[in-house]
Amino acid sequence: MNPGFWGIVVIVVAVIVLFGRGKVAGMMGEFGAGIKAFQRGMKDEEQSQISEQQKDKNTTDA
């Protein structure tokens, strides 16, 4: 059972009526900030793995 276009429209309108535009905008801002933080964390993790591999390579070469 897939919600059609009108089903999604009704849900969006209900959320806006219940929470108000300001509250919904704030939640979307927090959601965007969470995604950015997640991406930043993934990038930091990749960089730390690369630096660890380089350290391991340097210690085995010595």
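Every read-out reported here was derived from the displayed coordinates using simple, explicitly stated rules and does not represent laboratory data. Computed from a predicted model, the values in this text were never measured in an experiment.
Values for this structure:
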| item | result |
| --- | --- |
| Under the Debye formula (equal points on every Cα, no solvent term), log10 I(q)/I(0) of the chain at q = 0.25 Å⁻¹ | -0.97 |
| Extension gain, residue 36 back to residue 15 (0.36 nm per residue minus Cα-Cα distance, nm) | 5.1 nm |
| Extended-chain gain in nm, criterion 0.36 nm per residue less alpha-carbon gap, residue 25 and residue 51 | 5.5 nm |
